[in-house]
Amino acid sequence: MAQAAPVTRSFAFFAMVVATTPFATIAAAQPNLPPPPPPPLTAEPPPLPPPQPSPAPPPQAPPPARPAPAPPSPPPRSYYEQPPPPPPYRVHRRREVVYVVEEYEPPRPVAITFSPVPLIWGRVSGTFEVQIAPHHSLLASPNALVFDVDRGGRYNLISEGLGFASQHSSSLGLELGYHYWWRWSRSLSGPFLGPSLLLGSTTNAYAGNTADAQGYWGVALDAGGQHVFPGGFTLGGGIGVAYSHMADAGALYPRVLLQMGWSF
């Protein structure tokens, strides 16, 4: 018992020291307690500002286009392969306008001509021809035997062509004809073709009664050409064939035409 008293006094002293020290409060608090709740709010809190919209993201650039793939290279040609043909040639038509200026030529529808060839056999003849329409004309050609010339014998072509005339014959005749002109012109110019009617009377003829004048008739077909020069001078010629009949005689003979004169 004497030993227990000192121990009790020592424990009591230790307990008093601990209680007086700051650590006593810490030792006395309960460990891991939550904090006290906040005091109650009597007023409503101010409203929060509206949320700001987030900025739109910047537009993105389109991705770069990919280059087109290169065409495949043609396969190598073999040594014997022919090259491709060239492209066809196209003709480009060009329109051209041509202006033709024709010089004015005054109309000359009337021609008076003289035949020099029959003068060799003593015959004088002339022709009066008039254009009645384009391509068409009528003619009249009087003739006469005016002097004696040897015209051959009974069956001579020259004698028969002059109305069966002899060396001492005289005659009067008329030729009426028509000409078709191949080229249209206001003058009697160009190639022509046409028939004629032959009429006449001859004295001292080789056919029929030689003491009196004998009449004859015939037909002819001629072809030729004529040109009218500037100023009116006219020159023409041609060939033909004719048939004449007098009394009981008939003859077929060629004709040679040559005329010169003037057109009006």
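Label-to-label distance for Ala223 and Ser201 is 3.7 nm, based on points extended 7 Å past Cα in the beta-carbon direction.
What is the ratio of the Cα radius of gyration of the range 136-264 to 2.2 N^0.38 Å, with N the residue count, to two decimals?
Numbers: Rg = 16.1 Å, N = 129, 2.2 N^0.38 = 13.9 Å.
So the Cα radius of gyration is 1.15 times the expected 2.2 N^0.38 Å.
Does a label point 7 Å from the Cα of Ala213, set along Cα-to-beta-carbon, have any residues of the range 137-153 with amide nitrogen under 16 Å, and which are they? Counting backbone N atoms under 16 Å from the label point, the list is 142-147. Residues in the range 106-264 average 48 Å² of solvent-accessible surface per residue, probe 1.4 Å, ligands and nucleic acids excluded.
The chymotrypsin sites (Phe, Trp or Tyr not before Pro) of the range 105-171 that meet both conditions, a loop assignment by DSSP and at most 11 other Cβ atoms within 10 Å of the site Cβ, are Phe147, Tyr155.
Could you please state how large a percent of the accessible area of the range 104-182 is carbon and sulfur, counting protein chains only and using a 1.4 Å probe? Display every interim value, and only then the final one.
Working: 2740 of 3960 Å².
Its accessible area is 69 percent carbon and sulfur atoms.
In the range 112-211, the DSSP beta bridges split such that about 100 percent are antiparallel, to the nearest 5.
Electrostatic tally near Ser189: other residues with Cβ closer than 11 Å to its Cβ, Lys and Arg +1, Asp and Glu -1, net +2.
The values are calculated or read from the model by the stated rules, or taken from the named source; none is laboratory data. Quantities reported herein were computed from a predicted structural model and do not represent experimental measurements. Methodologically, a virtual Cβ is constructed for each residue, glycine included, from the backbone with ideal geometry; neighbour enumeration extends over all protein chains shown. What goes into the accessible areas is simple: the full protein's heavy atoms, side chains included, and nothing from ligands, DNA or RNA. Shrake-Rupley method; radii C 1.70, N 1.55, O 1.52, S 1.80 Å.
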